[in-house]
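J.: Let me give you the structure first, and then I'll get to my questions.
The values are calculated or read from the model by the stated rules, or taken from the named source; none is laboratory data. The structure displayed is predicted, hence computed values, not measured ones. Virtual Cβ from ideal backbone geometry, glycine too; neighbours counted across all protein chains shown. All accessible areas refer to the heavy atoms of the entire protein, side chains included, with ligands and DNA or RNA removed. Shrake-Rupley method; radii C 1.70, N 1.55, O 1.52, S 1.80 Å.
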Amino acid sequence: MTDVLIIGCGVIGAAAAMELSKYKLSVTVLERENDVAMGTTKANSAILHAGYDPHPGTLMARLNVRGSELAKYYCEKLDVPYRQCGSMVLAFTRADLDTLDILYDRGMKNGVKGLEIISGDEARKREPELADTVLAALWAPSAAIVSPWEMCLAFAETAVKNGVKIEFNTEVTGLERDGGCWRVTTDRGVREARYVINAAGVDSDTIHDMVAEHDFEVKPSRGQYYLLDKSEGSRVNTVVFQCPSEKGKGVLVSPTVHGNLIVGPNAEPSDKHDTATTAEGLDFVRETAKLSVPGVDFSKSIRNFAGVRANAGRDDFLIRKAAPGFIDLAAICSPGLTSAPAIGEYAAELLGREGLELEEKESFELSRRRIRFKELTDEERRKLVARDPSYGRVICRCETVTEGEILAALRSPVPPCSVDGVKRRVNAGMGRCQGGFCGPRVVELLAKDLGVTPDRIVQDREGMWILKEETKGVPGSV
Ligand SMILES: Cc1cc2nc3c(=O)[nH]c(=O)nc-3n(C[C@H](O)[C@H](O)[C@H](O)COP(=O)(O)OP(=O)(O)OC[C@H]3O[C@@H](n4cnc5c(N)ncnc54)[C@H](O)[C@@H]3O)c2cc1C
């Protein structure tokens, strides 16, 4: 029997796991996919929002502002790519100017620091590529950009280093209260826990319905994106938003921590797991983004992707006790990424109120360092290669990722088991050729490490095979 069982290892489950690993508790995370950050956490705008958007007095407002401070702290401690570049919300019309006033006012009430409404000319002075039609902007210096999957991974690795167990490829299918504890049925047997946290993202309503009356429904909303080549990466230096509407925060143009430009998202109803992109969705994103930054060169697009928001038709997260010893971290739409560390903290507090003993561990370890060969000086590279020659073999040419970095990821507390899992950890395959060159070498290294034949290696998840076993009869096969 485990003290706490967490369902889902996106950024919310991982943050809760890391928080609970500070205490003398046994904690298990069940994740149906083969890796962390396989849901919404890997497909979003990657912004740590300042906190002027949520309505004052909501849980979302409090957790957004607290989360953005904590995220900054943890990213620094855990070596997660993070840049506090600030954000602007642009106004093009009189109605937009009123919206800026509302956002400024909300931000002040929410405790966001440094907010300022600046003129269109001042905004263009700071961001020369902005359209001439921009009348004014809300400037938020505390907004930041981050690597969302690496933040999730860093939380999960910290949790594991401090004793948490993560079981991948394990889907929760049922929950039952049994003599003061929870019997959790999965497709790989039954687990028992004193307390359960529901961090199942777009499926948090399905999990909730297993323990309590149906009282909310996730209404998924898909957002599509362009990711542009590094040659477009400095088109803007800050996150450039348009005014938010009831559909979401609108289409943004933003640098990424990896040096690319991200443009999107739209907002459209979808199925929970439908992350396809469409010509219409992308057309909308392109045309809308050009109103803010007309010069974006979309011919430099290297990838399109989509993520699904766990909206539930309300202006707040749904974080509460749903049954005895059972906490919902549900409807975690945007700014869920920003709020994650604060949600983790709050989840522990709620479990404490439910009777969980929270005795701190003296041994809690909060540190993580990753070698990024690309960022080293020539002298540092020489020394490293002399110590370990695998750092002298470049596997991904676009991103200058070495074999040594991939091997280090394979030996990390939460190792990858797919080509995309390697990509999320060391950036191999993230460049202009999108893995065309390094893919086969990554497959080879994974197969060797996992002790399987290369045809067993998947691109991302079960069924996404890269190589075919049967080559008999195919011209050129041996
Ligand atoms: C288009 C878009 C843009 C966004 N932009 C931002 C942004 O810029 N900034 C920001 O702060 N937020 C943003 N967000 C919101 C943010 O991405 C999410 O709030 C956050 O990623 C949610 O994390 P999660 O852990 O709740 O969900 P997920 O990452 O989806 O994780 C849930 C996990 O639960 C697992 N799971 C589900 N059911 C089961 C089961 N039965 N058994 C076992 N495992 C299960 C899933 O496999 C999944 O891994 C955006 C979201 C979208 C869609």
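J.: At 222 nm, what helix-only mean residue ellipticity would the chain give, in deg cm²/dmol to the nearest 500, using -39500 (n - 2.57) for each DSSP H run of four or more?
T.: It lands at -9500 deg cm²/dmol.
J.: State the answer as a single residue: which of Ala386, Ala348, Thr400 lies farthest towards the positive end of the charge dipole of region 288-405, with beta carbon charges of +1 for Lys and Arg and -1 for Asp and Glu, about the Cα centre.
T.: Working it through, the farthest residue towards the positive pole turns out to be Thr400.
J.: Quantify, in whole percent, the carbon and sulfur part of the accessible surface of region 364-478 (1.4 Å probe; protein heavy atoms only). Spell out each step's value before the answer.
T.: Numbers: 3610 of 6700 Å².
It is 54 percent, rounded to a whole number.
J.: At a Cα cut-off below 29 Å, give the lysines reachable from Lys125, other chains included and same-chain residues fewer than 8 away excluded.
T.: Result set, ordered by chain and number: Lys72, Lys109, Lys113, Lys230, Lys249, Lys290, Lys300.
J.: Okay, next question. For Lys161, which lysines qualify as cross-link partners when the Cα separation must be under 16 Å and same-chain residues fewer than eight apart are set aside?
T.: Qualifying lysines at Cα under 16 Å: Lys22, Lys24, Lys77, Lys361.
J.: How much accessible area per residue does region 264-410 have, in Å², with a 1.4 Å probe?
T.: 48 Å²
J.: Another question about this same structure. Please provide three numbers in whole Å: the alpha-carbon extents of region 120-184 along the principal axes, with the largest listed first.
T.: Extents along the principal axes, in whole Å: 66, 27, 22.
J.: For the chain, what value does the Rg/Rh ratio take when both radii are computed over Cα atoms and Rh is the Kirkwood radius, given to two decimals?
T.: Result: Rg/Rh = 0.97.
J.: Further, regarding this structure: Write down the Kirkwood hydrodynamic radius of region 250-367, to one decimal in angstroms, obtained as one divided by the mean of 1/r over all alpha carbon pairs.
T.: 17.8 Å
J.: If I model a spin label at Asp132 and Ile466 as a point 7 Å from the Cα along the Cα→Cβ vector, what separation in nanometres do I get?
T.: Roughly 5.0 nm, to one decimal.
J.: How much length, in nm to one decimal, is gained on full extension between Arg353 and Glu444, taken as 0.36 nm per residue of separation minus their Cα-Cα distance?
T.: Stretched out fully, the Arg353 to Glu444 stretch lengthens by 27.8 nm.
J.: Leaving out same-chain residues fewer than 8 places away, which lysines sit with a Cα under 18 Å from that of Lys383?
T.: Lys374
J.: List, largest first, the extents of the alpha carbons of region 128-236 along their principal axes, each in whole Å.
T.: In descending order, the Cα extents are 66, 37, 25 Å.
J.: Sorted by average packing, counted as other Cβ atoms within 10 angstrom per residue and highest first, what order do 15-25, 48-58, 331-341, 73-83 take?
T.: So the peptides 15-25, 48-58, 331-341, 73-83, ranked by packing, come out 331-341, 15-25, 48-58, 73-83.
J.: Of the DSSP beta bridges with both residues in the chain, give the percent that are antiparallel, rounding to the nearest 5.
T.: 70 percent
J.: Residue separation times 0.36 nm, minus the C-alpha to C-alpha distance between Glu171 and Cys433: what's the value?
T.: That works out to 90.9 nm of additional length.
J.: By Kyte-Doolittle mean hydropathy of at least -1.0 and Cα axial length of at least 15 Å, which whole DSSP H helices of the chain are selected?
T.: 59-77, 94-110, 148-161, 279-292, 336-353, 439-450
J.: Taking a quarter of the surface of the Cα convex hull of region 374-415, what do you get in nm²?
T.: Taking a quarter of the hull surface, the average projection is 3.1 nm².
J.: Taking 0.36 nm per residue of sequence separation and subtracting the Cα-Cα distance, how much length would be gained by fully extending the chain between Ser119 and Ala212, in nm to one decimal?
T.: Gain on stretching Ser119 to Ala212: 28.4 nm.
J.: Starting from the Kirkwood Rh over alpha-carbon pairs, what translational D in µm² s⁻¹ does region 373-456 have by Stokes-Einstein at 20 °C and 1.002 mPa s?
T.: Taking Rh from Cα pairs, D becomes 166 µm²/s.
J.: Along the charge dipole of the chain, pointing to its positive end and built from +1/-1 on Cβ of Lys, Arg, Asp and Glu, which listed residue (Ala447, Gly264, Gly223) has its Cα farthest out?
T.: Looking along the dipole axis, the top candidate is Ala447.
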